[in-house]
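The following block contains the structure, expressed as C-alpha cells.
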Amino acid sequence: MRESILRVDNAHVHYGGIQALKGISLVVFRGEIVTLIGANGAGKTTLLKAIMGLESLAEGSILYKEKVIFEVFSDRSHTVSTPTHLLPGKGLVLVPEGRGIFPELTVRENLEMGAFLQRDKKRIEKNLQEVYQWFPVLKDRAHQRAGYLSGGELQMLAIGRAMMAEPELLLLDEPALGLAPLMVQRIFEIITKLNTEKKLSVLLVEQNAKQALKIAHRGYVLETGRLVLSGSGQELLDNPEVKRAYLGG
Ligand SMILES: Nc1ncnc2c1ncn2[C@@H]1O[C@H](COP(=O)(O)OP(=O)(O)O)[C@@H](O)[C@H]1O
Ligand SMILES: [Mg+2]
C-alpha cells in the first residue's frame with residue numbers, strides 16, 4: 001500500500017456543546033498536495049489544530065508517518081497524545097490562519113523562531129540562507145520589523161518560518177486569505193514549487209477553492225464538520241455541486 005504521511009481517522013472535536021468535527025477521515029500520501037475546501041465555519045481550522053494537538057479529539061486518531069500521534073477512544077479507555085511543541089521536530093509544521101507572525105520582531109528574528117528546536121547554529125544559518133533564496137524579499141527586509149511587511153510578504157514570512165523547521169508535511173491554513181489576486185497566484189506557485197522541488201507534502205486548507213484545487217493532487221470538501229466529497233483536484237473542479245457551492249456557478 002502507498003505510504004501515507006498523514007492519516008486522520010474518525011476525528012471528532014467538540015467545543016462545549018458544538019460538534020465542530022463529526023467523524024472526519026482523510027489521508028495525505030507522501031509527496032501529495034491535498035486541498036481541503038469548505039465555507040467559513042466548516043471546521044477547517046479545527047481539523048488542522050487537532051492534527052497539531054492544539055484542540056483535543058473527543059474521539060478518533062491521527063497518524064503521522066504511519067505512527068499514532070493522537071488517539072482517543074470514545075469511552076476514553078485509551079488515549080495517546082503527543083506534545084505539540086515536539087511535532088515540528090518530527091517534520092510536521094503548521095502555518096496558522098492569520099500567519100502568527102510577531103510584528104515587533106524583525107523578519108530574521110521571526111524566521112529564527114521557526115528553528116526553535118534546532119541547536120545546530122550552522123544548520124540554522126544554512127536553512128536561513130535557503131529561505132532567503134526562496135524569498136529574496138525576506139532577505140532585503142531581514143532587519144526590518146515584520147509589522148511593516150505587506151500581506152503577501154507576511155505570508156511568505158510565515159511559510160519561510162515553517163521551512164526553518166525542515167518540514168516534511170506542511171499544514172497551510174488559508175494562505176491566500178486577504179491577498180490581492182496576483183499575490184494569491186504567487187503563493188500558490190510557491191506551494192507547488194515546494195512540493196515539486198523540495199518534495200514537501202502539503203495539506204492546504206482554503207476557501208479560495210478554484211486555485212487551491214488547481215494545484216492539488218486530490219481534495220476533500222468539508223461541510224459543517226463532515227466530509228461530503230472527495231476526488232482528484234480536477235474531478236472536484238468539474239463536479240457540479242462544487243461548481244455551484246464553491247466556484248461561483
Ligand atoms: N474556540 C472555539 N470555541 C467555540 N467554538 C469554536 C471555536 N473555534 C471554532 N469554533 C466553532 O467551530 C466551528 C468550526 O470553526 P473553524 O474550525 O474555525 O472553521 P473554519 O476554519 O472552516 O472557518 C464553527 O462553528 C466555529 O464557530
Ligand atoms: Mg479557519
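Each value in this text was obtained by applying a stated rule to the coordinates, not by laboratory testing. Just so it is clear, the structure is predicted and the values come from calculations on it, not from any experiment. A quick note on method: Cβ atoms are made from the backbone with ideal geometry, for glycine too, and the neighbour counts reach across all protein chains shown.
Rounded, prolate or oblate, given the Cα gyration tensor of the range 1-88, with a/c below 1.5 counting as rounded? If you can, show how the numbers build up before the last one.
Working: a/c = 1.64, a/b = 1.14, b/c = 1.44.
It is oblate, given that a/c is not under 1.5 and a/b is not larger than b/c.
Ok, one more. What's the percent breakdown of Cα-Cα distances in the range 80-182 across 10 Å bins, shortest bin first?
Taking every Cα pair in the range 80-182, the percentages come to 16, 49, 30, 5, 0.
Estimate the FRET efficiency between Arg123 and Val68 by the formula 1/(1 + (r/R0)^6), using the beta-carbon distance for r and 30 Å for R0, to the nearest 0.05.
On the way: r = 29 Å, r/R0 = 0.96.
The calculated FRET efficiency here is 0.55.
On to the next question. Find the relative contact order for the chain and round it to a whole percent, using C-alpha pairs within less than 8 Å whose residues are 6+ positions apart. List each step's numbers first, then the result.
On the way: 490 pairs, mean separation 63.6, N = 249.
Computed over the chain, the figure is 26 percent.
Long-range amide H contacts for Ile24: which residues qualify at under 5 Å (H placed 1.01 Å from N, peptide plane, sequence gap of 5 or more or a different chain)?
Residues meeting the amide H criterion: Asn10, Ala11, His12.
As a check on your grasp of the helix formula, calculate [θ] at 222 nm for the chain: sum -39500 (n - 2.57) over DSSP H runs of n ≥ 4, divide by the residue count, round to the nearest 500.
Numbers: 9 runs with 85 residues, N = 249.
Counting only the DSSP helices, I get -10000 deg cm²/dmol.
Where in the chain is the longest stretch that carries no trypsin sites (Lys or Arg not before Pro) classed as loop by DSSP and with at most 12 other Cβ atoms within 10 Å? Walk me through the numbers before you get to the answer.
Values: sites that count: Arg2, Arg76, Arg119, Lys199.
The answer is 120-198.
Search the structure for amide H atoms under 5 Å from the amide H of Gly38, placed 1.01 Å from N in the peptide plane, and list their residues when 5 or more places away or on another chain.
Those lying under 5 Å, H to H, from Gly38 are Glu206, Leu222.
Residue by residue through the range 6-16, what is 3J(HN,Hα) from phi via Karplus (6.51 cos²θ - 1.76 cosθ + 1.60, θ = phi - 60°)? Round to whole Hz and write x for glycine and proline.
With coefficients 6.51, -1.76 and 1.60, one gets 9, 9, 10, 10, 6, 6, 10, 9, 10, 10, x Hz.
Tell me, what ³J(HN,Hα) does each residue in the range 80-88 have, in order and in whole Hz, if you take phi through Karplus 6.51 cos²θ - 1.76 cosθ + 1.60 with θ = phi - 60° and put x for Gly and Pro?
Computed from phi, the couplings for the range 80-88 are 10, 9, 10, x, 3, 5, 8, 5, x Hz.
Within a 10 angstrom radius of the beta carbon, how do Glu153, Glu166 rank from fewest other beta carbons to most? Display every interim value, and only then the final one.
Details: Glu153 21, Glu166 18.
By the 10 Å Cβ count, ascending: Glu166, Glu153.
7 Å from Cα along Cα→Cβ at both Leu229 and Asp9: what's the point-to-point distance in nm?
Between Leu229 and Asp9, the simple spin-label model gives 2.8 nm.
Further, regarding this structure: By how many nm would the segment from Phe116 to Lys22 lengthen if fully extended, with 0.36 nm per residue of separation less the alpha-carbon distance?
30.4 nm
Need one word for the chain: rounded, prolate or oblate. Basis is the Cα gyration tensor (sqrt eigenvalues a ≥ b ≥ c); a/c below 1.5 gives rounded, then a/b vs b/c decides. Could the numbers behind the result be given before it?
On the way: a/c = 1.75, a/b = 1.27, b/c = 1.38.
Oblate, because a/c is 1.5 or more while a/b does not exceed b/c.
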